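Worksheet for the structure shown next.
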Amino acid sequence: MADQLTWLGQAGFRLEVAGLRILIDPFLSDHESRLYPPPSQESEAAEVDWLLVTHEHLDHFDKEFVATLAARSPRAILVVPRPLADEAAQLESGLHILGVQPGDTIELSPQVGLRVLPAWHAVEVLDGYSDGRDSTGLARFVGYVIRTPGTSIYHSGDTIVTAELSAQLAKEHPDVALLPINGRDYYREGKGLVGNMDAREAMQLAQETGVKILIPIHWDMWMGNTVNPGSVIDETSTGTVHVLTLARFVPLPLPAFARADV
C-alpha cells in the first residue's frame, strides 16, 4: 500500500506509512458540540500500531476511543506527554504507555522515526500560554515529527508560535506540516476556548522553516471555534509553500521527497 494520510477532522489523522498504521490525536467520540458525526471507532481502531497524543484536551486525547483501540489493536502503543502517563494508565486499557518529552527520539519501526517537539498551549485559559511544565519540570504539551524514507510530517498539536518553536522546527525541516489555524481571541477565550496560531502565523511559520506542504487543521469541528480554511490561501505571498485543505476521511497519497537525513 502506498503511504497515505487521512484527516479524521479537527486535529485527528491516520497515517499509513512503511507498513505502520499510526493515529495522531483522533477524536472519534460523540459530543454535543461536534458539527458532524465521527467515523466508526471500530474501523479506525483496527490494526493500529501507534496512537500519538499531543495533550490532554478531549478533542486530542479521546479516552473513550482508547478502550475501543485496546480491544481492536491490543499491541498498539499509546504515546503521551509524560505528565499524562498516570492518567493514561488509569484507563486500564492494557495498552503499553510511553511517556515522552520534547527532544525525545523514538524508533517506531526500522524505517520510521519520531521526534518530539515542544508546544505552547494551556489547559485552561487562565493558565496562560506555556509549554505546560509542572513542578517536576516536565512539559505537558508536545508536537511530533514523523520521519520516513520519503517524507517527514510535523503535527504541531495545539500551539501558538514562539521563537523557540520556529527555531526547533527549522532544524527538523519537515516536508509536510499539519498546523492549527483557528487562532485565539478575547471572545472565545471568554468562553474557555484556549486558542492556537492563526492562518497568517501558520503560513509564516511554514515559510520560515522550509515546509513544502501546509495542511491546515483544527478549524472544522467545534461549535463556536471554526474558521475558513481558505484564509490560509489569502496569506500565501511567496509561493514557496503548497497549501492543501483535505476532505475528511479520504486518504491522501503522500508524495516522496528526496531526503538525505533518513
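Below, the figures for the structure above:
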| item | result |
| --- | --- |
| Among beta bridges that DSSP assigns inside the chain, antiparallel share in %, nearest 5 | 55 |
| Proximal lysines to Lys171, defined as alpha-carbon separation beneath 25 angstrom and excluding residues fewer than eight positions away on the same chain | Lys212 |
| Nonlocal amide H pairs with Gln10, under 5 Å, H built at 1.01 Å | His218, Trp219, Asp220, Met221 |
| Alpha-carbon radius of gyration plus Dmax, which is the widest Cα pair, for the chain in Å | 17.0, 50 |
| Average projected area [Cα convex hull, segment 1-70], square nanometres | 4.6 |
| Amide H contacts under 5 Å for Ile77, placed H, 5+ residues apart | Trp50, Leu51 |
| Gaussian network model of the chain, springs between alpha carbon atoms under 10 Å - residue of Ala206, Ala70, Ala247 with greatest fluctuation | Ala247 |
| Amide H within-cut-off set for Thr54, under 5 Å, with H built and near neighbours excluded | Asp25 |
| Length-normalised contact order of the chain in % [C-alpha pairs under 8 Å, at least 6 apart] | 18 |
| Stretchable slack from Arg133 to Leu193, in nm (0.36 nm times residue separation minus alpha-carbon distance) | 19.6 nm |
| Potential extension, Glu32-Glu87 segment - 0.36 nm per residue separation minus Cα distance | 17.4 nm |
| Vicinal HN-Hα couplings computed from phi for segment 172-184 (Karplus, 6.51 cos²θ - 1.76 cosθ + 1.60; Hz; Gly/Pro x) | 6, 6, x, 6, 10, 10, 9, 10, x, 10, 6, x, 8 |
| Stretchable slack from Lys63 to Met223, in nm (0.36 nm times residue separation minus alpha-carbon distance) | 55.5 nm |
| Total formal charge among the other residues, if their Cβ is under 15 angstrom from that of Thr236, Lys/Arg +1 and Asp/Glu -1 | -3 |
| Table column - 3J(HN,Hα) (Hz), segment 212-219, Karplus curve with 6.51, -1.76, 1.60, x for Gly and Pro | 8, 10, 9, 10, x, 9, 6, 10 |
| Whole-angstrom gap from segment 38-96 to segment 187-262, using each part's C-alpha centre | 25 |
| Calculated FRET efficiency for the pair Asp185/Glu164, C-beta based, R₀ 22 Å, to 0.05 | 0.40 |
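Here, each number is a calculation from the coordinates, and none is a lab measurement. Note that the structure is a prediction, hence the values are computed from the model and not measured. Cβ sites come from the backbone with ideal geometry, for glycine too, and all protein chains shown count toward neighbours.
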